[in-house]
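The values are calculated or read from the model by the stated rules, or taken from the named source; none is laboratory data. Quick caveat: nothing in here was measured; it's all calculated off a predicted structure. All Cβ positions, glycine included, derive from the backbone under ideal geometry; neighbour counts span all protein chains shown. Just the protein is used for accessible areas: all its heavy atoms, side chains included, with ligands, DNA and RNA removed. Shrake-Rupley method; radii C 1.70, N 1.55, O 1.52, S 1.80 Å.
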Amino acid sequence: MIFKASKSSEEREHERASERALITRCKNGEIGAFDELYSRFEKRVFNCAYHICGNYHDASDISQEAFLRVFNSIQTFRGDANFLTWIYRIVTNVFLDERKKSKAHRQTSLDEYIELGESSVARQIEDDSPLPVDVVQANERAEIVQKAINSLPEYQRIIVTLYHMESLSYDEIAEVLQLPIGTVKSRLNRARLALAEILGAKPELFG
Amino acid sequence: MKCVKAQELFSAYLEKTIQPPMGVAFEQHLAECARCKSEYEKFHATTVVLDELPQVAPPPEMHAAIMARIQEARRESPRKVNWLRFEWPSVFTLRVPSRALAAGIAMLLVFAMTYQLTPLQSVTANLFGFNKHTERLADDSGVAPMPMPWGVTAAGAKRADVGGGLMMGLSVNTTNPESTAFILRLAARDGHSIPVRVSLMGDDALQNGASSNDPNSVLFMGTVAVGRQAAVPVVMAGCANRMVQVAKVTWQNGDRSYSEYVFMPWTLGSESGDARVSIDNAAGSQILSKLSAEYGVAVIASEAQVAKSMTVDVSAGTADEALAAAAQQMGLSGEKLGSSVYILK
Ligand SMILES: [Zn+2]
């Protein structure tokens with residue numbers, strides 16, 4: 001056990017070292033290094049963007065913009081800072097900027113979505129008859145959860161995403177959002193309460 | 001315990017970070033309140049669902065699209081990319097413009113940095129080494145607000161009102177043995193932006209107090225916009241043949257123009273024990289240069305003070321004492337802006 005733990009910390013150290021080397025190469029303007037950086041963070045950046053914005057197309061736009069900003073500002077990245085939280089900060093900033101630009105964009109609640117929605121999921125939920133557990137396919141279930149997340153205020157969905165989907169700690173989220181830890185905790189609690197309220201009405205989700 | 005309070009504690013209880021007495025009260029409430037109990041079960045189940053939310057695969061074409069945009073960004077700003085060719089922890093592995101070396105000036109304006117510091121929007125910069133190339137900085141406000149790109153020490157955290165609507169501060173990093181890096185921070189105090197020019201003073205100019213007309217010595221020429229901080233980085237290399245570099249900041253407010261000098265020592269915070277600075281009847285600029293070098297302090301002072309001739313005899317163990325004594329002899333008052341950074345008024 002002890003051996004395993006020490007090895008994994010060694011591995012983390014190694015990972016950090018190789019990350020630092022990669023960042024240095026990026027700072028030197030090496031395009032290949034950016035390619036590598038992209039491959040390393042692509043999934044995380046895209047998933048984070050997807051879960052906070054709620055759709056595939058916007059997530060792609062946000063990811064592209066975020067990587068461009070990473071490229072443009074990597075010089076300002078301090079070697080001793082946490083690169084992952086730095087990247088997440090850029091992603092969330094891109095998202096918040098985009099939202100600001102289209103502020104007319106009102107948040108749609110799940111209920112409204114059900115009323116207006118066209119997808120099969122929406123229609124299935126509309127249907128009053130209870131669904132057998134196995135009918136709700138994993139994808140559909142994910143879609144329902146995603147819609148519920150999208151009904152949250154911006155900061156709450158960012159925090160839910162960073163905590164649950166990206167597995168960041170409270171400390172790291174506080175760093176990403178430049179918020180006090182207490183604020184992060186209380187917002188996550190509020191977000192979870194709201195999601196429990198929405199999703200709790202659908203027991204079939206908790207198969 | 002009220003239901004609202006209990007629900008505020010759901011996360012803390014779930015994550016077992018709740019304080020023991022509170023935990024007891026919480027459990028007691030759940031035992032008594034069926035509604036909260038059921039809410040908590042939903043809450044717990046929800047966190048499990050969230051943790052299990054599957055990952056989504058990025059669109060395969062995204063990779064190529066991003067790399068193409070990055071290539072394009074590189075093409076559009078080759079100069080910028082050139083200047084990006086260094087790594088901060090070892091500033092002086094970078095390419096120093098040959099012009100700067102030829103001029104014997106071991107200071108650099110690092111454009112890339114000025115550019116990257118987020119608050120610098122709509123600043124027009126006329127850059128040293130770029131032969132008066134003027135460029136309007138793109139709207140880069142989207143860049144994540146970053147702390148200073150290197151571990152700037154706390155020195156000079158404060159900004160001083162230098163009059164004429166301008167606030168001035170100086171941050172310093174001395175952690176790199178091969179260079180001393182300063183960031184001159186400028187901000188507009190009043191509700192309008194201020195045109196500012198920062199140039200480097202040569203020895204001749206310093207001695208006769210005249211302003212330098214050498215275009216190569218211009219570090220920054222632009223506008224400090226309202227609500228934004230202009231950061232002019234100045235890096236001094238170990239190869240510098242002088243112990244102190246002096247920048248002159250000139251700005252315009254209404255129809256008046258103002259000038260302030262900034263004395264920046266190669267070694268900052270090196271209190272040399274019992275140094276003595278004794279100068280008879282010399283320009284203030286020479287006296288301040290000497291003080292800056294001997295006591296390892298950065299000093300900001302107005303041009304009027306610097307041009308005057310005066311006599312100073314200071315012998316002190318600490319920079320604080322030295323600056324206080326010198327200020328007194330010069331008929332000025334000194335204020336400390338941070339560790340080893342002073343302003344004389
Ligand atoms: Zn209750």
Which one of these does A:Ala81 not meet: (1) facing another protein chain (nearest Cβ under 10 Å); (2) part of a helix (DSSP H, G or I)? (2)
Criterion violated by B:Val314 - all others in (1) within 20 Å of B:Gln245 (Cα to Cα); (2) modelled with pLDDT of 85 or more; (3) not aromatic (Phe, Trp, Tyr) satisfied: (1)
Would you check if A:Ser186 is outside any helix (DSSP H, G or I) and closer than 26 Å to A:Leu205 by Cβ? no
Checking the conditions here, which among A:Glu36, A:Glu42, A:Glu98 is open to solvent by 30 Å² or more (accessible area, probe 1.4 Å), facing chain B (nearest Cβ under 8 Å) and assigned to a helix (DSSP H, G or I)? A:Glu42
Restricting the search to the stretch B:7-56, which residues are within 7 Å of another protein chain (Cβ to nearest Cβ), more than 44 Å from the chain's Cα centre (by Cα) and away from the ligand (no atom under 16 Å from the Cβ)? B:Ala45, B:Thr46, B:Val49
Taking the conditions exactly as written (at pLDDT below 95 and surrounded by fewer than 16 Cβ atoms within 10 Å (Cβ to Cβ)), does B:Pro20 satisfy them or not? yes
Please go through the stretch B:292-324 and give me each residue that is buried (at least 19 other Cβ atoms within 10 Å of the Cβ) and among the hydroxyl-bearing types (Ser, Thr, Tyr), ordered by number. B:Ser292, B:Tyr295, B:Ser302
Hey, does the stretch A:153-160 have a residue that's facing chain B (nearest Cβ under 9 Å) and at pLDDT 95 or above? yes
Please verify whether A:Arg89 is open to solvent by 10 Å² or more (accessible area, probe 1.4 Å) and more than 7 Å from every other protein chain (Cβ to nearest Cβ), treating the condition exactly as stated. no
Lone unmet requirement of (1) open to solvent by 30 Å² or more (accessible area, probe 1.4 Å); (2) in a helix (DSSP H, G or I); (3) away from the ligand (no atom under 11 Å from the Cβ); (4) farther than 30 Å from A:Lys43 by Cα for B:Val4: (3)
Any residue at all in the stretch A:53-63 that is facing another protein chain (nearest Cβ under 7 Å), among the polar types (S, T, N, Q) and either more than 15 Å from A:Leu96 (Cα to Cα) or surrounded by 17 or more Cβ atoms within 10 Å (Cβ to Cβ) (or both)? yes
